[in-house]
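The values are calculated or read from the model by the stated rules, or taken from the named source; none is laboratory data. Just so it is clear, the structure is predicted and the values come from calculations on it, not from any experiment. Cβ placement follows ideal geometry from the backbone for every residue including glycine, while neighbour counts extend to all protein chains displayed.
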Amino acid sequence: MYRAGQEEIDEIAKVIRSKQWFRVGDEKSGHLKEIDRFEQEWAKLIGVKYALLMSGGGTAGLVCALAALGIGPGDEVIVPAYTWLATATAALTVGAIPLLAEVDETLGLDPADLERRIGPHTKAVIPVHMSGRPANLEGILAVARRHGLKVVEDSCQMDGGSYKGRRTGAWGDIGVFSFNYFKIISTGGEGGCVVTNDRSLYERAFVYHDSGAAFRPQAGDLSIPIFVAQQYRADEVMGAIARVQLQRLEGILADLRRVRQTLADAIADQPGVRVAPSNDQAGDCGVMLTLQFQDESKARAFASAAGGGSFVLIDHGKHVYTNWTPLREKRVAHRADMNPFNFQQNRDLRADYSDTACPRTLEILRHTVHVPMDPDWTADQLRARAKTLKAALS
Ligand SMILES: Cc1ncc(COP(=O)(O)O)c(C=O)c1O
């Protein structure tokens, strides 16, 4: 979350005063319908028919998306080796097994490696748009179509960015966004959203996120039977914050991109470094200036001299698959018989999370550095930052 202020406070106050905090309510009795309104606004922005705001964050969104697609025991779900671990754990939550594939120098899933890793039990792929950088969606979707894979786009780190003129999240069967505190916009510290053009996927995600829906009048609009699942409903305070944050989104993106471009221009002529290739520079959110060096020692020297939160990506904690300890040790669920790694249907599935599973990803992460941006840097701060980066490179 980059920006917040009086507008959020005012809208929250209206919800509090209305005393209508639950998602469902009657406008005639003062219900503000903030969630419904946000969902319509977000769907319009992304360019899809349906959006579903939820608590439980992008993690809940990924689980709802996989559940909506009917993914479960006996299925492999391909995930990139560089992503927040929730991308992989969502597959386990629905009883499936996550299968790793390499990222390429853009930090998105490598379509060629995706294709190499597909096996007879592979049912879905989750491309991730890491740090606001679009994955190679055309390449990934072509592979997915050839092999009949479902595509869940993990756009959790890319609220509002685009790929080739169309917003990310709208390309796959279902897209998922996170609005947690660390994301481009936030719905109050936590929150997530699922988008799709497919009515039946929307309904299944809706039921999964609110298995109590059977008890409310809106359930009458559903064309599928209710089933028991989880409770990830959003509340009206979230909805109100979401709507204000949405108003701020384009301004934040424009400023992030401007700042990133200024810094990229400042170091353009420096030897031994390059700006990491992008699948679509214009659609990239500009959250980070991503630089690549000849080797790890040069990357480390730069990151420490550049400061300001710069880091070598191999140090990116639980975004690096070798740090997914419970998954590597196959410790899942609260009982051994609910652990998908023990399921009979999963016994022939591949589950390699060892250091040798995705060596190319680890190598790329060792020589790549993220330099964080602030969309609200003044011209003087930006000039000073550019100077520091240039000095760090020499
Ligand atoms: C790529 C990615 N996927 C999924 C998630 C999960 O989102 P949340 O933390 O909102 O559950 C995150 C959040 O950090 C993420 O970065």
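Pick from W84, W21: which is of a type in the set (F, W, Y), more than 16 Å from the ligand (Cβ to nearest atom), in contact with a helix residue (DSSP H, G or I) (Cβ under 6 Å, 6 or more places away or on another chain) and in contact (Cβ under 8 Å) with a residue 40 or more places away in the chain? Outline the logic, then answer.
Details: W84 fails: more than 16 Å from the ligand (Cβ to nearest atom).
Just one listed residue meets the conditions, W21.
Could you say which residue among R243, R233 is within 16 Å of the ligand (Cβ to nearest atom), touching an Asp or Glu at 6+ places or on another chain (Cβ under 7 Å) and not hydroxyl-bearing (S, T, Y)?
Working: R243 fails: within 16 Å of the ligand (Cβ to nearest atom).
Among R243, R233, only R233 is within 16 Å of the ligand (Cβ to nearest atom), touching an Asp or Glu at 6+ places or on another chain (Cβ under 7 Å) and not hydroxyl-bearing (S, T, Y).
Do we find a residue being within 24 Å of T361 (Cα to Cα), assigned to a loop (DSSP other than H, G, I, E, B), more than 16 Å from the ligand (Cβ to nearest atom) and in contact with a helix residue (DSSP H, G or I) (Cβ under 9 Å, 6 or more places away or on another chain) anywhere in the range 139-150?
For the range 139-150, residues within 24 Å of T361 (Cα to Cα), assigned to a loop (DSSP other than H, G, I, E, B), more than 16 Å from the ligand (Cβ to nearest atom) and in contact with a helix residue (DSSP H, G or I) (Cβ under 9 Å, 6 or more places away or on another chain): present.
Does D36 fit the bill of being exposed (fewer than 12 other Cβ atoms within 10 Å of the Cβ) and of a type outside the set (S, T, Y)?
For D36, the condition - exposed (fewer than 12 other Cβ atoms within 10 Å of the Cβ) and of a type outside the set (S, T, Y) - is not met.
For residues that are of a type outside the set (A, V, I, L, M) and surrounded by 21 or more Cβ atoms within 10 Å (Cβ to Cβ), scanning just the range 368-394, find the one that is nearest to I118 (Cα to Cα).
Among those that are of a type outside the set (A, V, I, L, M) and surrounded by 21 or more Cβ atoms within 10 Å (Cβ to Cβ), it is T368.
Is there any pair with a first residue in the range 50-63 that is at positive phi and a second that is in a helix (DSSP H, G or I) whose Cβ atoms are under 9 Å apart and which are 6 or more apart or on different chains, and what are they?
Hits for this filter: G56/V63; G56/C64; G56/H209; G57/A86.
Of the residues in the range 102-123, how many are within 16 Å of the ligand (Cβ to nearest atom) and either in contact (Cβ under 8 Å) with a residue 60 or more places away in the chain or surrounded by fewer than 24 Cβ atoms within 10 Å (Cβ to Cβ) (or both)?
Counting residues in the range 102-123 that are within 16 Å of the ligand (Cβ to nearest atom) and either in contact (Cβ under 8 Å) with a residue 60 or more places away in the chain or surrounded by fewer than 24 Cβ atoms within 10 Å (Cβ to Cβ) (or both) gives 4.
So which residues in the range 293-330 are away from the ligand (no atom under 16 Å from the Cβ), in a loop (DSSP other than H, G, I, E, B) and touching a helix residue (DSSP H, G or I) at 6+ places or on another chain (Cβ under 8 Å), if there are any at all?
Once the filter is applied, which keeps residues that are away from the ligand (no atom under 16 Å from the Cβ), in a loop (DSSP other than H, G, I, E, B) and touching a helix residue (DSSP H, G or I) at 6+ places or on another chain (Cβ under 8 Å), the range 293-330 yields D295, G307, G308, S310, K330.
Got a number for residues in the range 52-70 being within 28 Å of I364 (Cβ to Cβ) and either at pLDDT below 95 or more than 13 Å from the chain's Cα centre (by Cα) (or both)?
So the count comes out to 1.
What are the residues in the range 154-173 that are closer than 15 Å to C64 by Cα, buried (at least 24 other Cβ atoms within 10 Å of the Cβ) and either among the charged types (D, E, K, R) or without any contact (Cβ under 8 Å) to a residue 12 or more places away in the chain (or both), if any?
D154
Within the range 287-326, track down each residue that is farther than 18 Å from M373 by Cα, more than 18 Å from the chain's Cα centre (by Cα) and hydroxyl-bearing (S, T, Y).
Hits for the range 287-326 are S297, T322, T325.
Just to be sure I understand the filter: pairs with C-beta atoms under 9 Å, separated by 6 or more residues or on different chains, first member in the range 266-278 and surrounded by fewer than 14 Cβ atoms within 10 Å (Cβ to Cβ), second member not in a helix (DSSP H, G or I). Which pairs pass?
A268/V275; G272/F293; G272/Q294; P277/D104; P277/E105; P277/T106; P277/Q292
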